[in-house]
Amino acid sequence: MFVPTAVRESLTPKRDLVLSLINKYSEGGAAAEVLRKLKTLRHERLAHRQLPDAPAAVLEADASDQPSQEGEKTVWATDDEIEVFYQDNLEIVRLLLSLVQGVAFDLSEATMVYKHHAKHFWASARGERTEGHPHYRKPSESW
């Protein structure tokens with residue numbers, strides 16, 4: 001027998017977690033600045049390339065010295081901030097798939113699929129006599 005209150009009670013914690021993760025990156029949220037930094041990176045460096053012709057900073061220490069389009073120094077998101085943002089987005093996707101479609105999404109299974117295909121990509125991109133190939137064998141010295 002279908003019991004709507006039981007379904008609602010089991011889904012409410014997931015919904016609340018999704019909302020808290022979204023609010024974390026919304027305006028006024030704890031990590032709103034991280035999202036702003038990532039949007040700036042996307043707009044200025046990745047999508048539109050509206051920066052001056054000067055070379056981009058490679059080192060993290062130099063990154064804050066790069067002027068933005070408005071002429072002020074840009075502070076980029078750190079690797080740790082980007083990793084947390086990525087993990088939070090994966091969690092949002094996992095929870096929404098569960099809530100909306102009733103699908104369980106195991107992130108560890110998804111990474112194994114990409115690892116499998118990456119192995120075959122490198123196997124075809126490099127010859128077996130190239131160091132780094134999955135089936136690399138060091139050439140014999142007998143020649």
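The values are calculated or read from the model by the stated rules, or taken from the named source; none is laboratory data. No experiment lies behind these values; they were computed from the predicted model shown. Every residue, glycine among them, receives a Cβ derived from its backbone with ideal geometry; neighbour counts consider all protein chains shown.
For segment 71-105, what are the residues that are out of contact with any Ser or Thr (no Cβ under 7 Å at 6 or more places or on another chain) and basic (Lys, Arg)?
Selection gives Arg94 alone.
Only one residue in Glu27, Glu60 is exposed (fewer than 13 other Cβ atoms within 10 Å of the Cβ), among the charged types (D, E, K, R), farther than 30 Å from Glu109 by Cα and at pLDDT 75 or above. Which one?
Glu27
Could you list, in sequence order, all residues of segment 1-41 that are among the basic types (Lys, Arg), farther than 30 Å from Val75 by Cβ and without any contact (Cβ under 8 Å) to a residue 40 or more places away in the chain?
Arg8
Looking at (1) under 18 Å from Glu81 (Cα atoms); (2) at pLDDT 60 or above; (3) not small (Gly, Ala, Ser), can you tell me which one Arg8 breaks?
(1)
Residues are listed down the side, and each one gets a yes or a no for (1) modelled with pLDDT under 70; (2) among the small types (Gly, Ala, Ser):
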position: Glu33; (1), (2): no, no
position: Ser68; (1), (2): yes, yes
position: Leu96; (1), (2): no, no
position: Val100; (1), (2): no, no
position: Tyr114; (1), (2): no, no
position: His117; (1), (2): no, no
position: Glu128; (1), (2): yes, no
position: Ser140; (1), (2): no, yes
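Of the conditions (1) at pLDDT 70 or above; (2) assigned to a helix (DSSP H, G or I), Val75 clears all except one; give me its number.
Here Val75 meets the rest and fails (2).
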